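First comes the structure, then the notes that go with it.
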Amino acid sequence: MLASFKDAGLCALFAAVGLTVNLTWCTLAGHTPGFTDALASLGIPVNPRAFFLAGILIMSVIFTILPRKTREVDASLWPAVALLACMGTACFAIASSQSVFSPVILSIGGLLLFGIGYFWLTARFVLLLARTQTYFCTIVCLTFSLVVEPALVAFVEHSPHAELQVSTVVLMPILSAALFQCARHAALKQRSSEKSGGRTVFGIPSRPRTPSEAEGRNETSNALILIAAASLLLATVRSLSFVGLWGEGHMDAVGEPSMTSNPWLWLGYAAALAVFSYVALGRTANWPLRLRFQPSFVTIIITLSVSMILAGDSHADPALLDTLMRLNDSFSHLMFWAIVSILLDISPTPSYRVIGIGASLYAAGSIAWVLFLGNADAVENLIVIVIIYVLAMASMHYSWNKRENESEDEPSPSAANVTDALEKRCAEVSKAYKLSPRESEILVLLAQGRTRTYIQEELVLAENTVKSHVAHIYTKLGVRDRQDMIDIVLDVAENKE
């Protein structure tokens, strides 16, 4: 895992720091003294975090419904999104100290922009890592951010001036956007000589799928079940942690010892996260997807159970309880993004839609907890988590058994073998007729029977661009339609034999 992080170089370093800035930005806005005063004076009947989550939900739904359009406008809109996130954070901070606008309306509008910007910036980092670096590198970067964020939050909170805290938080979206650009340029330099097979992200050649990952495309249904379970799990666990409701339990409040008040607790937290990342997420990378995240689920359930036992003990150390709750929340956070990064690699679904589906489920589930279930007993939350786990595992085992039974009834070559053979034949045609790399990629999709609309979505190309490439392919092959093109592909294979 560490070797993967080292190979990624500056890209991984900038991305890890950028993710840390994003987490710190969110935590400080919800829990530091510079913002809790604003929270307390608003008098909103629901916890303000619900509106932040609504911003995430809005943006994630856009990602889900319009993935191609979102990707097309990303390069031109990201500076505006970063500025809007700064404005939203500032509006939230000053809403109660001004009289020009309604404090409640200004606060809600600011929180919506805050949520939109936070999700957009975080999604870009995860997408960049998942598509240009290894799975292990992505996990290392996420782990780094979760380890460093509590210490960074505590450092900012010790500032004696609330105005300095607020100013620092307001500028964090700009810093995050700048770090992303640094990570992007580092990845572009790293992969400029690599061949991506036509897959790109932010103008960078994507890391090609390995054979095992290509075969994993058959596991997409299991991955979708996992991402749904992980989204609801994260929403449920977060409702019990200190980040679940804004304005409560900030890091080093007087009379409320926290994890960062004891360096040994923080070091234990960091070590536990590292072990979880390596053992539960790293060492299980070659397991079947239906089994791969069972250790993670079980670990989270055990950690939550221990936390509940300590919460019921009046003599328990509050700082230790805080550490366990943060650890449980971080485990869930890591597992959620690990599943998203896997689905980004194995699924033909557009990348923005994959992230949008996961985030929208998480945001909707979190809003439900904040609005309706926030007062639920801890035991009830644990029961919900166990139910989520059981349903997810049962669904995956059912789909696996069904696929195995179908395979026994109809013995035939696997889809992966057929796809590999077809791609090899198309490669021979591309070489023989001197097709460009993009034309070669479109040739494979055409030979697979894909429609032009599908090709547009998969490669994120305009309709006219696809038509132009198809016309060039037909011209170079000297054919008039797809059937003649397929005949050429088969003839090349036969001639080679």
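The table for this structure:
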{"item": "Meets criteria (of a type outside the set (Asp, Glu), open to solvent by 10 Å² or more (accessible area, probe 1.4 Å) and not in a helix (DSSP H, G or I)) for Phe101", "result": "yes"}
{"item": "Residue count, the range 450-475 (criterion: farther than 19 Å from Pro350 by Cβ and of a type in the set (Gly, Ala, Ser))", "result": "2"}
{"item": "Residue within the range 479-491 that is more than 36 Å from the chain's Cα centre (by Cα), open to solvent by 30 Å² or more (accessible area, probe 1.4 Å), at pLDDT 85 or above and more than 25 Å from Phe202 (Cα to Cα) present", "result": "no"}
{"item": "Every residue from the range 332-344 that is within 14 Å of Arg238 (Cα to Cα) and open to solvent by less than 10 Å² (accessible area, probe 1.4 Å)", "result": "Ser332, Leu334, Met335, Phe336"}
{"item": "Residues satisfying the stated conditions in the range 450-478, i.e. on the phi > 0 side of the Ramachandran plot and open to solvent by less than 50 Å² (accessible area, probe 1.4 Å)", "result": "Val460"}
{"item": "Pair list, Cβ < 9 Å and 6+ apart or interchain, from the range 184-198 residues that are closer than 16 Å to Leu129 by Cβ and at pLDDT 60 or above to residues that are open to solvent by 100 Å² or more (accessible area, probe 1.4 Å) and assigned to a helix (DSSP H, G or I)", "result": "His185/Leu10; Ala186/Leu10; Ala187/Leu10; Lys189/Leu10; Gln190/Asp7; Gln190/Leu10"}
{"item": "Residue check, Thr220 surrounded by fewer than 20 Cβ atoms within 10 Å (Cβ to Cβ) and at pLDDT below 90", "result": "yes"}
{"item": "Residue check for Ala93: open to solvent by less than 40 Å² (accessible area, probe 1.4 Å) and either out of contact with any Ser or Thr (no Cβ under 6 Å at 6 or more places or on another chain) or assigned to a helix (DSSP H, G or I) (or both)", "result": "yes"}
{"item": "Positions within the range 271-319 being of a type in the set (Ser, Thr, Tyr) and open to solvent by less than 10 Å² (accessible area, probe 1.4 Å), in sequence order", "result": "Ser277, Thr284, Ser296, Ser307"}
{"item": "Positions within the range 199-217 being of a type outside the set (A, V, I, L, M, F, W, C), surrounded by fewer than 19 Cβ atoms within 10 Å (Cβ to Cβ) and modelled with pLDDT under 55, in sequence order", "result": "Thr210, Pro211, Ser212, Glu213, Glu215, Arg217"}
{"item": "Qualifying residue in the range 137-151 (condition: at pLDDT 90 or above, farther than 23 Å from Asn262 by Cα, open to solvent by 50 Å² or more (accessible area, probe 1.4 Å) and in a helix (DSSP H, G or I))", "result": "no"}
{"item": "Residue under evaluation Gln98, criteria (1) modelled with pLDDT under 80; (2) closer than 19 Å to Trp246 by Cα, criterion not met", "result": "(2)"}
{"item": "Hits in the range 237-281 - residues which are at pLDDT below 80 and either on the phi > 0 side of the Ramachandran plot or part of a helix (DSSP H, G or I) (or both)", "result": "Ser239, Leu240, Gly247, Gly249, Gly255, Met259, Thr260, Ser261"}
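The values are calculated or read from the model by the stated rules, or taken from the named source; none is laboratory data. From a predicted model like this one, the values you see are computed outputs, not experimental measurements. Ideal geometry is used to build each Cβ from the backbone, glycine not excepted, and the neighbour counts take in all protein chains shown. These accessible areas exclude ligands, DNA and RNA; they are computed on the full protein's heavy atoms, side chains included. Shrake-Rupley method; radii C 1.70, N 1.55, O 1.52, S 1.80 Å.
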